[in-house]
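The values are calculated or read from the model by the stated rules, or taken from the named source; none is laboratory data. Note that the coordinates shown come from a computational prediction; the quantities given were computed from them, not determined experimentally. Cβ coordinates were reconstructed from backbone atoms using ideal geometry, including for glycine residues, and neighbour counts include every protein chain displayed. Ligands, DNA and RNA are stripped out before the accessible areas are found, and what is left, the full protein with its side chains, is counted by its heavy atoms. Shrake-Rupley method; radii C 1.70, N 1.55, O 1.52, S 1.80 Å.
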Amino acid sequence: QVQLVESGGGLAQAGGSLRLSCTASRTVFSANPMGWYRQAAGKQRELVATITSGGTTNYADSVKGRFTISRGNARNTVYLQMNTLKPDDTAVYYCHAVVLGDTYWGKGTLVTVSS
């Protein structure tokens, strides 16, 4: 069993930055991929960014060039650096990991971007 805990959400102004962190309850060398999804009010959950164990990244078109996903050296943490935030980025952000075929989700952290 793997537990994912997100942190770093909050309120930001348009054009500002936030950094989200997700820490797994144990080292997940085999997590492939890890990533972030988000769900805005009244909308379906959508992919934001993923990163494989080999470091290959994938981004939603809406965040390309603004968000950067990375993994910590301890391999149990994944980060999402969010720059040039827009009001449309307002959502609950969920950490996601696939470990040996099983999917895990964090409980989410709220990001609110004011105009």
Scanning the range 1-54 residue by residue, those out of contact with any Lys or Arg (no Cβ under 7 Å at 6 or more places or on another chain), of a type in the set (Val, Ile, Thr) and surrounded by fewer than 21 Cβ atoms within 10 Å (Cβ to Cβ) turn out to be Val5, Thr23, Thr52
Of the residues in the range 61-72 that are over 11 Å from the mean Cα position of the chain (by Cα) and farther than 17 Å from Asn32 by Cβ, the one that is least open to solvent (accessible area, probe 1.4 Å) is Val63
Taking first residues from the range 68-94 that are on the phi > 0 side of the Ramachandran plot and second residues anywhere that are modelled with pLDDT under 95, the pairs with Cβ under 9 Å that are 6 or more apart or on different chains are Arg75/Ala24; Arg75/Thr27; Arg75/Val28; Arg75/Phe29; Arg75/Ala31; Arg75/Ser53
* Asked: Does Tyr104 count as at pLDDT 95 or above and touching a strand residue (DSSP E or B) at 6+ places or on another chain (Cβ under 6 Å)?
  -> no
Scan the range 85-95 and give yes if some residue there is of a type in the set (Ser, Thr, Tyr) and modelled with pLDDT under 95, otherwise no.
no
Reported set for the range 76-86 where residues are open to solvent by 60 Å² or more (accessible area, probe 1.4 Å) and either closer than 19 Å to Gln44 by Cβ or out of contact with any Lys or Arg (no Cβ under 7 Å at 6 or more places or on another chain) (or both) is Lys86
Over the range 95-113, the set of residues at negative phi and open to solvent by 40 Å² or more (accessible area, probe 1.4 Å) is Asp102, Thr103, Trp105, Lys107, Leu110, Thr112
Filtering the range 82-107 down to residues that are more than 11 Å from Trp36 (Cα to Cα) and in a strand (DSSP E or B) yields Met82, Ala91, Val98, Val99, Asp102, Thr103, Tyr104
